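The values are calculated or read from the model by the stated rules, or taken from the named source; none is laboratory data. Bear in mind the structure is a predicted one, so any value in this text is a computation, not a measurement. When we count neighbours, we look across all protein chains shown, and the Cβ atoms used for this are built from the backbone with ideal geometry, even at glycine. Note: areas computed on protein heavy atoms with side chains; ligands, DNA, RNA excluded. Shrake-Rupley method; radii C 1.70, N 1.55, O 1.52, S 1.80 Å.
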Amino acid sequence: MSNIVIVGTQWGDEGKGKIVDLLAEYADVVVRFQGGNNAGHTMVVEGEQFISHLVPSGILQKKTCLIGNGVVVDPSVLVEELDKLKNKGIDTGPNLLKISEKAHVIMPYHKQIDLAREKMKGDQKIGTTGRGIGPCYEDKASRRGIRFVELIDAEVFKETVHAVLEEKNFYLKHYLSAEPLDPEPIVQQYQGYAERLAPHVVNISIVMNQAVKAGKQILFEGAQGTHLDIDHGTYPFVTSSNTVSGNACCGAGIGPKEITGVIGIVKAYTTRVGRGPFPTELFDEIGDTIQKKGAEFGATTGRKRRCGWLDTVLLQNAVRLNGLTGLVITKLDVLDGLESLKICTGYEYNGEIIDDFPANLKILGACKPVFETLPGWPEDISGLRKLENLPKNARRYLDRIEELLETPIDIVSVGPGREETIIVNHPFT
Ligand code: GDP
Ligand code: IMO
Ligand code: MG
């Protein structure tokens, strides 16, 4: 029996959605355990693209999809997503899509505070997605949050919104110079969401533990990436949740002994959206070529993604922090046609080589990547389905990644489509 956690190893957008959708065929349950609609996970099935922000990427495979207690949920976005899927004939009924009663609810003031703070910070902003993620997790930690269990209790919800808004409005008006909010329209609007979503609200820990007992397989779908983790990422240029595999247990309500594997999704190069350090960032034509060929635009905000070479200092950090048992290399096809490729194998700081990822952003900012150069390949590899058919230099690139990360490559992705995939070792068999 396999219960596998999928995480991003870089700064998000590694292709987690594609891989979760692909592997969901072999799972019975797919669960999101952190993040919110800052995530944008793309699946491409029979040429049609689906972008999911909150609904787990197992929905197209008709699997039980759970939104864990560790997720922060904007009900307006969830309802919209459910409607879109329903219109495409995809079942998202309460039998398949379940929300943890303990998941926190993103409120209009969370979005307003997120946006107003970023505006106020000007050049110093984090570059958040503006979806209210940070302010919602802040309220969770400071015990002023509203969970689904409170959302669906009309009396408690109304009382809480009125009480919380007293403080929020003071902060909005007097500190952020933003418009205060009237509680009643919010209560009305959210009552509509509550009625719509109530049938989906359950204790998902019980659902998952029953599944485990029945010998079913679970796929844990991480959002963001290891270096956006609140503890282990490039703080403060991070998101507000733990994105590493350890949080799969906490954010879904299951014990660590049930996890049998942790797969890290590695984009064949590196990208980042929003601000923050990025040692291997490219500012030249090659960076532009990768950005265009890889269609590197944010799936949530549409922002252009910054692009750079593969960074194995970053990736070794991800291997250790997540306890990776396997790797999936995505977007290898984007590197087709480049004459040579660079892999960062260390950082130079003050004339010395360091091979660990510095926590101090001043040091990280001053680090110069040390590169190894490998030959590229001219062929289009998107039609290939077997590792042995890849051009020699593409195999060499993959072999070097495996060697540097001391972790086996289980899957290689050569296109956005579900079938554009080379399976090396199937994680579920
Ligand atoms: P996620 O957030 O990790 O799920 O990744 P995103 O969906 O935000 O971004 C990944 C993008 O790359 C999406 O547009 C995918 O359709 C696309 N994609 C995924 N795998 C591949 C691949 O192997 N090759 C190419 N060319 N595109 C891919
Ligand atoms: P997926 O799951 C890439 C980034 C934002 C910003 C920082 C904080 O699709 O990989 P937040 O709104 O979370 O407070 O923003 O984190 N960010 C992501 N970058 N992919 C994501 O998700 C991201 N979710 C948040 O750009 O830099
Ligand atoms: Mg994404």
Being more than 16 Å from ligand 3 (Cβ to nearest atom) and either open to solvent by less than 20 Å² (accessible area, probe 1.4 Å) or of a type in the set (Val, Ile, Thr) (or both) narrows it down to one residue among Thr92, Thr9, Thr42; which is it?
Thr92
Residues of the range 102-117 being open to solvent by 10 Å² or more (accessible area, probe 1.4 Å) and not in a helix (DSSP H, G or I), in sequence order, are Lys102, His104
Can you say whether Ile230 is out of contact with any Asp or Glu (no Cβ under 8 Å at 6 or more places or on another chain) and under 25 Å from Val77 (Cβ atoms), as far as the supplied structure shows?
yes
Inter-residue pairs, beta-carbon under 7 Å, first farther than 15 Å from Ile409 by Cβ and in the range 321-346, second assigned to a helix (DSSP H, G or I) and within 16 Å of ligand 3 (Cβ to nearest atom), 6+ apart
Leu321/Thr226; Asn322/Thr226
Looking for something assigned to a strand (DSSP E or B) and over 21 Å from Gly8 (Cβ atoms) - is there at least one such residue anywhere in the range 374-392?
yes
Which of the helices (runs of 4 or more DSSP H) contained wholly in the range 118-234 include at least 3 residues that are of a type in the set (Val, Ile, Thr)?
154-174, 204-213
Sort through Lys257, Lys173, Lys168, Lys216 and tell me the only one that's open to solvent by 10 Å² or more (accessible area, probe 1.4 Å) and touching a helix residue (DSSP H, G or I) at 6+ places or on another chain (Cβ under 8 Å).
Lys168
I want to confirm something. Restricting to the range 23-47 and keeping residues that are within 10 Å of ligand 1 (Cβ to nearest atom) and over 10 Å from the mean Cα position of the chain (by Cα), which single residue is nearest to Gly274 (Cα to Cα)?
Thr42
Any chance Asp123 is crowded, with 20+ Cβ neighbours inside 10 Å and among the acidic types (Asp, Glu):
no
Taking the range 407-427 and keeping residues surrounded by fewer than 18 Cβ atoms within 10 Å (Cβ to Cβ) and out of contact with any strand residue (DSSP E or B) (no Cβ under 6 Å at 6 or more places or on another chain) leaves Glu419, His426
